[in-house]
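**Student:** Could you have a look at this structure, given as structure tokens, before my questions?
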Amino acid sequence: MRHENRWGYAAALLAAAGVTGAGTSAHAADFSNYATKGTYKLTFPPTPASEEGYFTLFGTFSSTTDVVIDNFALKGRLFAVDGHNVWIQKNYGSSVWMPIATVDVHMDPAFLKISPDGTTFALGTGFSQPLYLGATTLLSITSPPDLTTATGVRSVTASFYDADWRDNRYLFLDDISNTADPGSRIYAVDTSLADPSTDFITIIPLIPGASSGLAFDHNGNFVTGNGYTYVDPAVSATGEIKTWSAASIASALTGTPLAYETSGHLLASAILSAAPLGFDVDDNLYVGGGDAFGSSGHLGYAALVQSSVVTSVLAGGAPVDPSDPAQYVEVQPDPCHNDDSTYVHYVDSLKMLVVTADLASLPPNCAPIDTTGSNAPSTTNMQLYFPPDAPDTDGDGVPDGADNAYVTPNPDQTDADGDGYGDAADADFNNDGVVDELDFSDFVTAFEAATTDANYDPRGDFNADGKVDFTDFATFTQRWASQGPFY
Ligand SMILES: [Ca+2]
Ligand SMILES: [Ca+2]
Ligand SMILES: [Ca+2]
Ligand SMILES: [Ca+2]
């Protein structure tokens, strides 16, 4: 069953208002801050078709967390949510996913957001379904908890489309404003309360259109917008973005709500559905979206608004000029440029930008539009982008966020057994999580074999030089008795 979502809501709003979309074309620009690496891509978890929602959500654990579950450090690691599962990425650069929690409702997920300190998760399980708050230490690879019944997980009755943490206490959400005013609103949940639903705090009571995304920059300034306006569609069919200073947000939290039309600063007009929104480590603003439902002709892409523009706008300057590549650039990894929706996420600690691309059709046979309808795992990739200074711990030229052995140089990235750990770091041949006598037995079988020999085993050829010899034996010895994960 397909669940309601913000874009569906937008379409319903507009139909009710008798509005049809007016298109503006995307602007070509050079994404000069990032190096596009065509091979750096991931695929989504294998959600059964019967459990697929409208899309597979993904994101990352906090970049500052020190939480480790079952030996897996959460810092910078990707997660994904779909159906009844929350999944964790087994390794950087890996499309192997492991369940770490389940819920009893079908999630067409609204959001999963981790608090800045990494200790608390907020899982919005879908429009009009519960919001779960709990400790990230509850998540488990060896024994994934059912969050519906797990001790220590609070179930909050709320409605929402998207969320972002302002700090470790306040979670900001967006929602329908009310049934009389068919627009959206922003409100805050005080997660320090035993039952946060007893005291929601109104931040922006009425945005005259569908929800866009919402996000805080690293200084506490806030952005949200109008995902699909009905006020003046000739001016802006979709995607107006505004920003508010940290001080005005603090004031709203103490009981002074902000009027959308008369407060804040206009940052951008007509950037798709302005969802999702987020900031990179340098406080550049990224925007995803696309007119997945509609008639505006906007195709999905990701855009980045330079931080200097955001700063200027907060000081009263003009909104972004999308025709100026110094202010605004686009990233659209699909060579057909015909997706209907694009999701964007940034991982601070890895300096990694993740952009979805629906590759259902490819050159030279590009369909008029790749209607995702879902991030169908067979056709949709996460494309990874890195700036030149992205961390590369082992110096092998593969940025950490794409490196299947990030502390072991392996520019070839081979993974003979496909378990997500690069050969250079993986001496656990039988994949039982520990390097022991059983693995040594396999190594001995392949010892002194070359690629032309029947007993050659690429798993034992750690340095990938075509023979299993004493050099590889030395590597095996180094890995003896180690336990996964293997980097
Ligand atoms: Ca590397
Ligand atoms: Ca490596
Ligand atoms: Ca492997
Ligand atoms: Ca083993």
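**Student:** Give me the angle, in degrees from 0 to 90, between the Cα long axis of helix 470-479 and the longest principal axis of the Cα atoms of the chain, rounded to the nearest 10.
**Tutor:** It works out to around 50 degrees.
**Student:** Label point 7 Å out from residue 281 along Cα-to-Cβ: which residues of segment 197-220 have amide N under 15 Å?
**Tutor:** 218
**Student:** Compute the semi-axes of the equivalent ellipsoid of segment 423-479, taking the square root of 5 times each eigenvalue of the Cα gyration tensor, and list them largest first in whole Å.
**Tutor:** Details: eigenvalues 58, 26, 17 Å².
Over the Cα atoms of segment 423-479, the semi-axes work out to 17, 11, 9 Å.
**Student:** Now for a separate question. Provide the FRET efficiency to the nearest 0.05 for the residue 474-residue 190 pair, computing r from the beta carbons and using R0 = 51 Å.
**Tutor:** Numbers: r = 56 Å, r/R0 = 1.11.
That pair, residue 474 with residue 190, gives E of 0.35.
**Student:** Run the quick spin-label model on residue 70 and residue 246: label points 7 Å from Cα toward the beta carbon, then report their separation in nm to one decimal.
**Tutor:** Using points 7 Å along Cα→Cβ, the separation is 3.8 nm.
**Student:** What spacing in nm lies between the two simple spin-label points modelled at residue 326 and residue 148, each 7 Å away from Cα in the Cβ direction?
**Tutor:** Result: 5.6 nm between the two label points.
**Student:** Using a/c under 1.5 as the rounded threshold, could you call segment 352-487 rounded, prolate or oblate? The axes a ≥ b ≥ c are square roots of the C-alpha gyration tensor eigenvalues, and prolate needs a/b larger than b/c, oblate otherwise.
**Tutor:** Judged from the Cα gyration tensor, segment 352-487 comes out prolate (a/c at least 1.5, a/b above b/c).
**Student:** Continuing with this model, one more query. How would you classify the chain from its alpha-carbon gyration tensor, with a ≥ b ≥ c the square roots of the eigenvalues: rounded for a/c under 1.5, else prolate if a/b is greater than b/c, otherwise oblate?
**Tutor:** Prolate, since a/c reaches 1.5 and a/b exceeds b/c.
**Student:** Set the Förster radius R0 to 35 Å, insert the Cβ-Cβ distance between residue 128 and residue 43 as r into 1/(1 + (r/R0)^6), and round the FRET efficiency to 0.05.
**Tutor:** Numbers: r = 30 Å, r/R0 = 0.86.
The value I calculate is 0.70.
**Student:** Length gain on complete extension for the stretch residue 169 to residue 181, per 0.36 nm per residue less the alpha carbon to alpha carbon distance?
**Tutor:** Numbers: separation 12, 0.36 × 12 = 4.32 nm, distance 2.91 nm.
Full-extension gain reported as 1.4 nm.
**Student:** Right, next: If I stretch the segment between residue 434 and residue 362 completely, what's the gain in nm (0.36 nm per residue apart, minus their alpha carbon distance), one decimal? Walk me through the numbers before you get to the answer.
**Tutor:** Numbers: separation 72, 0.36 × 72 = 25.92 nm, distance 4.16 nm.
So the chain would gain 21.8 nm between residue 434 and residue 362.
**Student:** Moving on to the next point. Taking Cα atoms, how many degrees apart are the long axis of helix 437-446 and the longest axis of the chain, rounded to 10 and kept between 0 and 90?
**Tutor:** Rounded to the nearest ten degrees, it is 70.
**Student:** State, to one decimal in nm², a quarter of the convex hull surface area for the C-alpha atoms of segment 141-283, i.e. the direction-averaged projected area.
**Tutor:** Details: hull surface 41.6 nm².
Mean orientational projected area (segment 141-283, Cα hull): 10.4 nm².
**Student:** Based on the alpha-carbon gyration tensor of segment 56-181 and its eigenvalue square roots a ≥ b ≥ c, which shape applies: rounded if a/c is under 1.5, prolate if not and a/b is larger than b/c, or oblate?
**Tutor:** On the way: a/c = 1.73, a/b = 1.52, b/c = 1.14.
In terms of gyration-tensor shape, prolate.
**Student:** Name the residue farthest towards the positive end of the dipole of the chain from the options 255, 318, 86, assuming +1 on Cβ of Lys and Arg, -1 on Cβ of Asp and Glu, about the Cα centre.
**Tutor:** Checked the options; the winner is 255.
Only the coordinates and a few stated rules stand behind these numbers; no lab work does. This structure is a prediction, so every number in the text was calculated from the model and none was measured. A quick note on method: Cβ atoms are made from the backbone with ideal geometry, for glycine too, and the neighbour counts reach across all protein chains shown.
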